[in-house]
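Peer 1: Just passing along the structure, written as structure tokens.
Values quoted throughout were computed directly from the atomic coordinates according to the rules given, and no laboratory measurement underlies them. These figures come from a predicted structure and were not determined experimentally. Virtual Cβ from ideal backbone geometry, glycine too; neighbours counted across all protein chains shown.
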Amino acid sequence: MKNIINRLNVSPITLFSLAIIIVVVFYINAYNSKVVFGAEIEKTPEMFCIVEKGDTLWELSSIYAPNTNKNYWIDQVKAINHIESQYIYPGQKLYIPDIK
């Protein structure tokens, strides 16, 4: 390996930096993947709602996914919208998962 590095005239720091960049790009790609928590979901501009005063994720799950486990649906909504808590606010645009 050292011979290859010497022949390429690349410093170990440069190789290490390149490896870090590759790992970060892979992580970002995996994070933005369509597969979240084992379910294939799609995020399209047509599938969103604007939160109104008094709305909760639990209530929205009854509207958009009445035949799906509510906690599962809420986890999917939080994942694709990068929400870490259960709180949503009026005017917030939420992408709605199309769980298949």
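Peer 1: Between the DSSP loop rule and a limit of at most 15 other Cβ atoms within 10 Å, which GluC sites (Glu not before Pro) in the range 48-87 are left?
Peer 2: Listed in order of number, the matching sites are E52, E84.
Peer 1: List the trypsin sites (Lys or Arg not before Pro) in the range 43-90 that DSSP assigns to loop (not H, G, I, E or B) and whose Cβ has at most 11 other Cβ atoms within 10 Å. Which are they?
Peer 2: When the trypsin sites (Lys or Arg not before Pro) of the range 43-90 are filtered for loop state and at most 11 Cβ neighbours within 10 Å, K53 remain.
Peer 1: Turning to a different aspect of this structure: Counting other C-beta atoms within 10 Å, which of S85, S61 has the fewest, and how do the rest follow?
Peer 2: By the 10 Å Cβ count, ascending, the order reads S85, S61.
Peer 1: Sticking with this one: Hey, fewest Cβ within 10 Å first, where do V23, V51, V77 land in order?
Peer 2: Lowest to highest Cβ neighbour count: V23, V51, V77.
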